[in-house]
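Step one of this worksheet: look at the structure below.
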Amino acid sequence: MVIVVFVVADKKVLRGWALPWTYPTGLFIRDYLREKGVACAYEVWSALRKARLEAGMVDKEGRPRVCTYGNFMRNYIYVLKKLGLIELVGKEPSKKAGRKLPRHLFRIVPGKENAKEWTAPQKFFDPRRGLGPKRYKTYKEKEKEKEGRKRRRRAA
């Protein structure tokens, strides 16, 4: 798996919005599962952390710029399952001694390897997620306003 890091002439690593292109998380998950076939969510998440660390995508403290494991499960694994892009293949006992919860193994649903939803799974799952904070707030205010009008009409 290749991740490109952009460096300017004075060896300063570009970060955040200065990056011309970032490897999207959805595509990373797809490529990782293509390569491995079957993997558990933690394995994919730790590979993403390692890849971003190697690519120089780090915050001020030097930690890789990747969400927490809990957020990864909620924002990617859950969404990919709901979109029908990945499926649960099976469970196996945890490798760590004393752990009671099994590891859940996932794979790409056959025929969904090249689906367009991999580019931005969260936006396909809920289009409001791609609006950004200001536009989302405006959207929610308009939605509340419409709901208020409907209630007034019903009451009249």
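Numerical summary
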quantity	calculated
Residue ID - modelled with the lowest pLDDT, chosen from residues in segment 97-122 that are assigned to a helix (DSSP H, G or I) and surrounded by 14 or more Cβ atoms within 10 Å (Cβ to Cβ)	Q122
Residue match in segment 75-87 (condition: in contact (Cβ under 8 Å) with a residue 40 or more places away in the chain, more than 21 Å from F125 (Cβ to Cβ) and of a type outside the set (F, W, Y))	no
Inter-residue pairs, beta-carbon under 7 Å, first assigned to a loop (DSSP other than H, G, I, E, B) and in segment 127-156, second modelled with pLDDT of 85 or more and of a type in the set (S, T, Y), 6+ apart	L131/Y139
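The values are calculated or read from the model by the stated rules, or taken from the named source; none is laboratory data. Since this is a predicted model, take the numbers as computed values, not measurements. Backbone-built Cβ (ideal geometry, glycine too); neighbour counts: all protein chains shown.
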